[in-house]
Amino acid sequence: MSEGNSQIIPKPIKLIAAACNNMGIGWKGHLPWNLPKEFQYLLETITKVHQPGKKNLIVWGRRSFEAFDENLLPLANAVIVLLTRQLRELPKNAHYMCRDEEEVVKLVSSSPLCDEIETIWVLGGVVCYKNMMRHPWCSHIYFTDIMADFECDTFFPEFDKNIFKLKEKYPGLPSGIQEEKGVKYIFQVYEKDQFPK
């Protein structure tokens, strides 16, 4: 891709995840819990667009994509990008493959996606979260705090809560403690402090 004359317009990068008390997010390639309402919240959040005709870019690591329920694909208002160095062929229901986060940014900064994409949503796995979290365009972490203990072998990466600040009563976010199947959880949004003091 040439540097071209057009200026790159940043797109917000938002991470979304649910983690239990030990920051666990996965067990043997799957979610450690079965919370359909919490999962529905994730789907609604990543497919919601504010401008008609726009779509969201969904960034997945290969293994996280492979673990996702194929029956739920394709997602509405979504262009799916896989971060992978392994695959040579584009899997069904994926639209693009990129080797790293910089390729994702180049992809979304070029035609046709530069005009089509509203928000970049990152759905994991761990390396994908870690790398995209460090990108200057990363603005929010949508985090469901599962207030319970589950056996996990995959964990959400640590993040600086002086940079990403917990927002109280974030617009559109269900408030208060939710409960499903005896498991309590709370929806949270951390927003990057754009002007650290």
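The values are calculated or read from the model by the stated rules, or taken from the named source; none is laboratory data. Computed from a prediction, not measured in an experiment: that's the story for all the values here. All Cβ positions, even for glycine, are placed from backbone atoms using ideal geometry, and neighbour counts span all protein chains on display.
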(message) Among the listed residues LEU75, LEU82, LEU90, identify the single one that is part of a loop (DSSP other than H, G, I, E, B), without any contact (Cβ under 8 Å) to a residue 60 or more places away in the chain and in contact with a helix residue (DSSP H, G or I) (Cβ under 6 Å, 6 or more places away or on another chain).
(response) LEU75
(message) Name the residue that is surrounded by the most Cβ atoms within 10 Å (Cβ to Cβ), counting only residues in the stretch 120-135 that are farther than 15 Å from GLY26 by Cα and in contact (Cβ under 8 Å) with a residue 60 or more places away in the chain.
(response) VAL122
(request) Restricting attention to helices (runs of 4 or more DSSP H) lying wholly within the stretch 100-142, give those where 1 or more residues are touching a His at 6+ places or on another chain (Cβ under 7 Å) and among the acidic types (Asp, Glu). (result) 101-109
(message) Against the conditions (1) within 12 Å of the chain's Cα centre (by Cα); (2) under 21 Å from ILE186 (Cα atoms); (3) aliphatic (A, V, I, L, M); (4) buried (at least 19 other Cβ atoms within 10 Å of the Cβ), where does ILE25 fall short? Just the number, please.
(response) (1)
(request) Tell me, yes or no, whether the stretch 47-56 has at least one residue that is modelled with pLDDT of 95 or more, in contact with a helix residue (DSSP H, G or I) (Cβ under 9 Å, 6 or more places away or on another chain) and among the polar types (S, T, N, Q). (result) yes
